[in-house]
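Okay, so here's the structure we're looking at.
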Ligand SMILES: Cc1cc2nc3c(=O)[nH]c(=O)nc-3n(C[C@H](O)[C@H](O)[C@H](O)COP(=O)(O)OP(=O)(O)OC[C@H]3O[C@@H](n4cnc5c(N)ncnc54)[C@H](O)[C@@H]3O)c2cc1C
């Protein structure tokens, strides 16, 4: 095991290194959200050779407008917190790759991560902290019109719908937060809810009363999204009597929950009934040498501080494994 004692560093300087396919990393972290970034800090401070590969830094935090429950900050914009995570991690001589998808994991004594840029990375241990992604509706038109009026993040895309007509699918916290964001800028917002009531927190539902440009259609589902290169209308079906109706609009925000990004390790480690990676209280998966942390795991309560804490635990468990088993 190679030790790295370069821990006294200048805060502003990036010391991160390109990912190296010729290195055997002690720990390879897959993901760039709070679980991964915390794991990276703990691994580097333990002096183990570490790589981190991710499609994007910040994960879901990058899509959060404001965070008010992360200790030390009474109010911080999601993107500002992400910048702080990035700056902290890049103080270390960590192998760091952003904008890269891990396409496949090969579980051998030296584990392999096959990347979409053609490289293969090697590691003694893996920390899988790939988080969650928005659930799709899986209706005709959704895939074709994604980014052309079909959206999954109101924080990112609400400003694009200034003065336009939009729908939000989903009556939970994400859906109602999204509807509120949109009602501030859009001409009109229609909330489409599968159930006969909203399931968001009362405080959020109450704040809908402040908007006159918003209506709610209960017990309906979207069956098709129409448009020629941009969203023009949707078809909704009544779940009560099967009748259909068309709604003309410019955009549709799909806010029906999140699914764990566990496909990479499906068939390698045990998943639970929700597709989350089953871990024990030390972040161990069913396979020795593969650890997991954050929203992709079976740990309840998906929050930044919890993902961070789990990332720390996964890192310490991986370091312990390197000392004892490798
Ligand atoms: C709109 C919204 C608002 C929220 N607000 C709050 C809040 O106010 N307070 C709070 O505590 N929590 C909040 N949360 C929840 C919080 O953001 C998550 O619990 C937390 O980000 C989970 O961290 P994570 O590291 O486990 O996963 P994620 O943040 O999901 O990060 C996963 C990372 O893995 C990467 N990845 C996935 N698959 C691959 C792959 N194959 N190859 C490479 N990289 C991959 C992704 O790109 C991403 O960077 C919010 C979430 C959302 C969606």
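The values are calculated or read from the model by the stated rules, or taken from the named source; none is laboratory data. Just so we're clear, the structure is a prediction, and the values are computed from it rather than from any experiment. Cβ coordinates were reconstructed from backbone atoms using ideal geometry, including for glycine residues, and neighbour counts include every protein chain displayed.
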query: What do you reckon, is residue 52 more than 30 Å from residue 301 (Cβ to Cβ), in a strand (DSSP E or B) and within 14 Å of the ligand (Cβ to nearest atom)?
result: no
query: Just wondering, is there one or more residues in region 268-287 that are over 25 Å from residue 150 (Cα atoms), away from the ligand (no atom under 16 Å from the Cβ) and touching a helix residue (DSSP H, G or I) at 6+ places or on another chain (Cβ under 7 Å)?
result: yes
- prompt: When region 59-87 is examined, which residues are found to be without any contact (Cβ under 8 Å) to a residue 12 or more places away in the chain and within 7 Å of the ligand (Cβ to nearest atom)?
  reply: 68
Residues located in region 133-159, provided they are away from the ligand (no atom under 16 Å from the Cβ) and either under 12 Å from residue 252 (Cα atoms) or in contact with a helix residue (DSSP H, G or I) (Cβ under 8 Å, 6 or more places away or on another chain) (or both): 137, 141, 142, 145, 146, 147, 148, 149, 150
message: Here is a check on your reading of the model: is residue 32 touching a strand residue (DSSP E or B) at 6+ places or on another chain (Cβ under 6 Å), buried (at least 18 other Cβ atoms within 10 Å of the Cβ) and over 21 Å from residue 284 (Cβ atoms)?
response: yes
- prompt: What is the one condition in (1) in contact with a strand residue (DSSP E or B) (Cβ under 9 Å, 6 or more places away or on another chain); (2) modelled with pLDDT under 95 that residue 165 does not satisfy?
  reply: (2)
Sole residue being touching a strand residue (DSSP E or B) at 6+ places or on another chain (Cβ under 8 Å), away from the ligand (no atom under 16 Å from the Cβ) and more than 30 Å from residue 44 (Cα to Cα), chosen from 217, 256: 217
message: I'd like the residue in region 167-191 that is in contact with a helix residue (DSSP H, G or I) (Cβ under 8 Å, 6 or more places away or on another chain) and assigned to a strand (DSSP E or B) and, out of all such residues, is surrounded by the most Cβ atoms within 10 Å (Cβ to Cβ).
response: 168
- request: Return the total of residues in region 303-326 being buried (at least 17 other Cβ atoms within 10 Å of the Cβ) and farther than 15 Å from residue 283 by Cβ.
  value: 1
- line: Scanning region 18-48 for residues that are in a strand (DSSP E or B) and either free of Cβ contacts under 8 Å to residues at least 24 places away in the same chain or within 16 Å of the ligand (Cβ to nearest atom) (or both) gives 25, 27, 28, 29, 30
message: Step by step: first the residues of region 113-132, then only those that are within 11 Å of the ligand (Cβ to nearest atom) and surrounded by fewer than 17 Cβ atoms within 10 Å (Cβ to Cβ), then the one that is nearest to residue 218 (Cα to Cα). Which residue is that?
response: 116
query: Do you know which residues across region 288-314 are in contact with a strand residue (DSSP E or B) (Cβ under 7 Å, 6 or more places away or on another chain), more than 9 Å from the ligand (Cβ to nearest atom) and at negative phi?
result: 290, 291, 292, 298, 314
